[in-house]
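Below: one structure, written as structure tokens.
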Amino acid sequence: MLHKEWLDCYVRVEGTSLRVGNAKIERCWSFASGRAVNVSILDKNKGEEWLAQESNSPMFQLPGLSDDQQPHAIFISALVENDYGISRPYLQTNIDMHLEAISTMYRLTLKIYPDAPFIRHEITVMPVSHFRSKDSLTDKEPNLAWTKADFKANRTLSTTALQLDTNNKQHNVESSDYCEHMTLRDLHSRWTSVQFLDQTDTNNNLVSQETGLLYVREKRNLRGNLLFLTKTLHECGLLIIKEGPTELGIFGKSGVEFQFHGKSLSLLGTGISEGDLRHNEEITSYGVTVGVYDGTSLGGYHLLQTYHRSLRAHVAVRDSFIMSNTWGDRSKDGAISGAFLRKELYAAAALGLSIMQIDDGWQKGATVNSVHAATKSNGGLWSDYYSGDGDFWEVHPDRFPGGLTPIVSLAAELGVALGLWFSPDSVRDYINWEKDIATLIHLHRYYNIRAFKLDGIEIHSKLGEIRLLNMMRYVQKATNGQVDFNIDTTAQKRLGYFGQTQYGSIFLENRYTDWTNYYPHWTLRNLWMLAPYLPSSRLQMEFLNVNRNKDNYAEDPLAPNSCGQVYAFAATAFSNPLAWMELTKLTDQQMNGLTTVIQAFKPYHAEILAGRVLPIGEEPTGASWTGMQSICSPTHGYVLIFRELHESNTAAMKLWGVNGEINVTEILRMDVKDEVIIPQAPLQMIWDATPQGEYVVTRPEPFTFIMYRYDISSIS
């Protein structure tokens with residue numbers, strides 16, 4: 001029996017079974033057939049088993065891998081990893097399956113985090129020559145767990161068929177491409193699938209749900225990255241996460257993610273194609289996470305928070321910031337110059353911003369978005385940046401005759417960090433990913449750039465995706481985590497929200513008053529909808545100059561200018577706000593209002609984003625009572641409450657995890673457009689919940705807001 005323990009995590013080989021777990025969750029697989037078969041998912045807190053015993057179907061199936069390709073040997077190794085310094089440390093277990101008659105190895109990788117109620121896995125296809133003996137339990141050589149002699153000669157690998165009449169037998173057809181398969185024990189269960197959309201240039205309804213009950217004769221296909229399962233007769237829940245892009249960026253032919261065959265559940269689409277297997281490179285499937293929780297909505301959201309904060313350990317100085325970016329006023333690269341950026345830096349410092357990011361235009365090469373693209377023989381580039389003279393990523397010599405050094409020096413003097421726009425080279429499936437690494441490391445080391453906006457991403461294959469991710473990973477490793485990425489998700493096939501985006505924040509939207517596709521309540525709604533499933537510290541939410549293009553909105557009562565500049569900022573406050581504008585075009589009144597609200601809010605920002613941010617009130621529509629809550633501890637947190645264009649000056653709201661009497665302290669408020677009120681002395685009051693468990697709030701006018709800290713004097 002092989003055995004490895006680290007903190008509360010463990011991996012054990014018992015006969016032909018593999019058992020992996022920690023204090024909160026345990027999974028077990030049988031390898032008696034030569035393939036991994038799910039045996040158990042145990043919620044240790046509840047003592048609840050999720051799987052039936054009769055399943056004999058393989059846990060995963062890759063295109064081109066048939067049942068006849070039985071391993072002649074399976075090796076197991078384990079080591080402690082931390083994803084190039086980004087994640088919390090975890091115990092990683094590699095199960096390496098060497099197949100007969102071919103020079104390919106399949107690696108099932110399991111990741112278990114201390115005291116975390118979930119286990120992650122992924123499947124990697126690699127040439128046997130890539131097998132590394134250093135990844136082992138003994139740190140000397142891999143442990144031979146099983147040989148062909150250990151496997152049953154007459155194995156049967158099949159899924160229990162639905163009981164159907166002859167005319168319905170086509171419903172039993174099985175997929176040959178899936179990354180998780182299990183048979184659930186309890187029929188009486190409810191499922192909720194959560195689907196996400198990105199490509200926000202053309203999508204503004206980013207989250208949707210579908211719910212239902214298990215049915216023994218139903219074949220049900222569901223899209224989405226998340227599947228919540230709760231037992232009807234027991235208080236417990238199971239969460240399954242597909243770690244991949246949204247449906248707009250995913251690879252594979254299945255067209256669905258989750259498939260029920262009665263009580264059998266498969267997570268379809270590894271993302272790997274038979275064509276990918278012809279490359280002499282490691283190809284890794286989409287990942288899967290299986291976690292357990294108490295079955296409540298809040299419990300599921302806390303599990304997701306634990307998941308995200310495990311994949312990307314929260315670091316307050318890195319993960320809470322207020323940034324500006326020069327692109328939002330539609331000057332494109334036409335305004336970029338040393339003189340312009342010096343003025344922008346002074347404005348950023350006056351406002352109290354953390355980072356000023358220089359968008360497309362700092363570099364010598366011209367993109368298709370350049371104001372000068374039409375004058376270029378190639379029309380501007382959107383990939384293949386290292387072609388021609390190979391000087392695309394040099395600093396623009398005319399716009400910055402002294403280079404970027406004077407701008408870097410002024411930024412340091414003013415206490416504002418610098419960020420740059422960068423477009424990874426997507427040509428030939430990111431064949432130049434190592435050149436991109438060298439470029440990014442040079443810009444970081446020479447100019448101290450710590451935040452790169454990654455734009456122009458277009459992923460054409462799983463190989464390209466892996467190279468793009470490797471680019472981010474190796475930059476993180478080489479800079480000891482000093483570089484952060486703002487991963488643009490506005491167009492084309494990109495990583496989405498769960499596709500290994502832990503190497504930075506998500507740049508969510510490109511919105512412009514020029515095109516009337518910016519409204520503060522739309523931005524607030526997207527934050528409100530995404531916050532249950534993603535830490536708001538992972539989201540950059542834009543606020544624009546609301547004075548621009550007022551005529552475009554005519555008499556629209558929800559127009560940005562009707563809300564005001566301060567309100568536009570407040571809609572983003574419980575995320576990482578992004579001033580999507582040229583700061584030097586703000587009026588004195590706008591600068592004064594923004595400076596006041598930002599300086600008043602900043603002392604609380606890091607604590608708010610370190611907490612669990614969730615939506616409260618009604619869904620933002622422009623005419624609702626709505627808001628955000630940050631749960632910072634079991635005894636305190638913050639709420640930000642908005643009265644949109646609603647006729648009533650009073651509303652009642654429920655808070656997450658709070659009931660009964662609480663103490664609230666007013667932090668700041670806005671009663672009149674763009675006039676921020678900060679109490680000179682703490683304004684404290686007692687809130688008592690209504691019989692319905694709600695708290696009554698008032699706001700004097702539409703488009704006003706108030707922010708409180710709440711404290712619970714006792715926990716029942």
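The values are calculated or read from the model by the stated rules, or taken from the named source; none is laboratory data. Since we're looking at a predicted model, the values are computed, not measured. Because the Cβ atoms are built from the backbone with ideal geometry, glycine has one as well, and the counts that use them run over all protein chains shown. These accessible areas exclude ligands, DNA and RNA; they are computed on the full protein's heavy atoms, side chains included. Shrake-Rupley method; radii C 1.70, N 1.55, O 1.52, S 1.80 Å.
For the range 552-566, the candidate set comprises residues that are touching an Asp or Glu at 6+ places or on another chain (Cβ under 8 Å) and not in a loop (DSSP other than H, G, I, E, B); within that set, the residue that is most open to solvent (accessible area, probe 1.4 Å) is ASN552. Would you say ALA600 is closer than 18 Å to ASP514 by Cβ and part of a helix (DSSP H, G or I)? Here the answer is no, as ALA600 does not meet what is asked. Just checking, does the range 602-612 include any residue being closer than 23 Å to ASN205 by Cα and modelled with pLDDT of 95 or more? Yes, the range 602-612 has at least one match. Scanning the range 603-628 for residues that are farther than 25 Å from TYR518 by Cβ and in contact with a Gly (Cβ under 8 Å, 6 or more places away or on another chain) yields a single hit, GLY611.
Do we find a residue being farther than 22 Å from THR326 by Cα, open to solvent by 10 Å² or more (accessible area, probe 1.4 Å) and in contact (Cβ under 8 Å) with a residue 40 or more places away in the chain anywhere in the range 518-526? Checked the range 518-526: at least one residue is farther than 22 Å from THR326 by Cα, open to solvent by 10 Å² or more (accessible area, probe 1.4 Å) and in contact (Cβ under 8 Å) with a residue 40 or more places away in the chain.
Strands (runs of 3 or more DSSP E) fully within the range 192-253 that include at least 1 residues being open to solvent by 10 Å² or more (accessible area, probe 1.4 Å) and within 14 Å of LEU267 (Cα to Cα): 219-222, 226-231.
Restricting attention to the range 13-25, which residues are crowded, with 17+ Cβ neighbours inside 10 Å and of a type outside the set (Ser, Thr, Tyr)? Result: VAL13, LEU18, ARG19, VAL20, GLY21, ASN22, LYS24, ILE25. Scanning the range 294-305 for residues that are of a type in the set (S, T, N, Q) and either under 20 Å from GLY47 (Cβ atoms) or open to solvent by less than 30 Å² (accessible area, probe 1.4 Å) (or both) gives THR296, GLN305. Tell me which residues, restricted to the range 552-591, are free of Cβ contacts under 8 Å to residues at least 60 places away in the same chain and acidic (Asp, Glu). Within the range 552-591, GLU555, ASP556, ASP588 qualify.
Note on the range 1-70: enclosed strands (runs of 3 or more DSSP E) holding 2 or more residues that are farther than 15 Å from MET182 by Cα are 3-6, 9-14, 17-21.
If you go through the range 368-392 and keep only what is under 16 Å from GLY456 (Cα atoms) and open to solvent by 50 Å² or more (accessible area, probe 1.4 Å), you end up with VAL368, ASN369, TRP382, ASP384. None of ILE487, ILE449 is under 12 Å from the mean Cα position of the chain (by Cα) and closer than 21 Å to TYR385 by Cα except ILE487. On the stretch given as the range 599-615, residues that are under 26 Å from the mean Cα position of the chain (by Cα) and within 19 Å of MET670 (Cα to Cα) total 5. Checked against (1) open to solvent by 20 Å² or more (accessible area, probe 1.4 Å); (2) within 23 Å of ILE407 (Cβ to Cβ); (3) out of contact with any Lys or Arg (no Cβ under 8 Å at 6 or more places or on another chain), GLN482 passes all but a single condition, namely (3). Of the residues that make up the range 176-186, is at least one open to solvent by less than 10 Å² (accessible area, probe 1.4 Å), modelled with pLDDT of 95 or more and polar (S, T, N, Q)? No. The residues of the range 337-370 that are among the aliphatic types (A, V, I, L, M), touching a Phe, Trp or Tyr at 6+ places or on another chain (Cβ under 6 Å) and touching a residue at least 24 places away in the same chain (Cβ under 8 Å) amount to a single one, ILE355. Please work out if ALA366 is more than 19 Å from ALA417 (Cβ to Cβ) and modelled with pLDDT of 95 or more. Yes; evaluated as a whole, the condition is true for this residue.
Every residue, every condition in (1) farther than 22 Å from GLY499 by Cβ; (2) open to solvent by less than 10 Å² (accessible area, probe 1.4 Å); (3) touching a residue at least 24 places away in the same chain (Cβ under 8 Å); (4) more than 19 Å from the chain's Cα centre (by Cα), yes or no:
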{"position": "LEU277", "(1), (2), (3), (4)": "no, no, yes, yes"}
{"position": "TYR286", "(1), (2), (3), (4)": "no, yes, yes, no"}
{"position": "SER320", "(1), (2), (3), (4)": "yes, no, yes, no"}
{"position": "ASP333", "(1), (2), (3), (4)": "yes, yes, yes, yes"}
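Residue pairs whose Cβ atoms lie under 9 Å apart, separated by 6 or more positions or on different chains, with the first residue in the range 538-551 and more than 22 Å from ALA610 (Cα to Cα) and the second assigned to a strand (DSSP E or B), are LEU544/ALA579; LEU544/TRP580; ASN545/ALA579; ASN545/TRP580.
Annotation note: of ILE449, ILE407, ILE459, ILE466, the sole residue that is touching a strand residue (DSSP E or B) at 6+ places or on another chain (Cβ under 9 Å), outside any helix (DSSP H, G or I) and surrounded by 19 or more Cβ atoms within 10 Å (Cβ to Cβ) is ILE449.
Among the criteria (1) within 21 Å of LEU463 (Cβ to Cβ); (2) in contact with a Ser or Thr (Cβ under 8 Å, 6 or more places away or on another chain); (3) not in a loop (DSSP other than H, G, I, E, B), the one GLY496 does not fulfil is (3). Name the residues in the range 2-12 that are open to solvent by 10 Å² or more (accessible area, probe 1.4 Å) and at pLDDT 95 or above, would you? Those that are open to solvent by 10 Å² or more (accessible area, probe 1.4 Å) and at pLDDT 95 or above: GLU5, TRP6, LEU7, ASP8, TYR10, ARG12. If you go through the range 91-113 and pick out every residue that is open to solvent by 10 Å² or more (accessible area, probe 1.4 Å) and under 21 Å from the mean Cα position of the chain (by Cα), you end up with 1. Criterion first (modelled with pLDDT of 95 or more and surrounded by 19 or more Cβ atoms within 10 Å (Cβ to Cβ)) does CYS28 satisfy it? Judged against the criteria, CYS28 is not a match. Within the range 659-680, the residues that satisfy the criterion of being within 30 Å of THR296 (Cα to Cα), at pLDDT 95 or above and open to solvent by less than 50 Å² (accessible area, probe 1.4 Å) are ILE662, VAL664, THR665.
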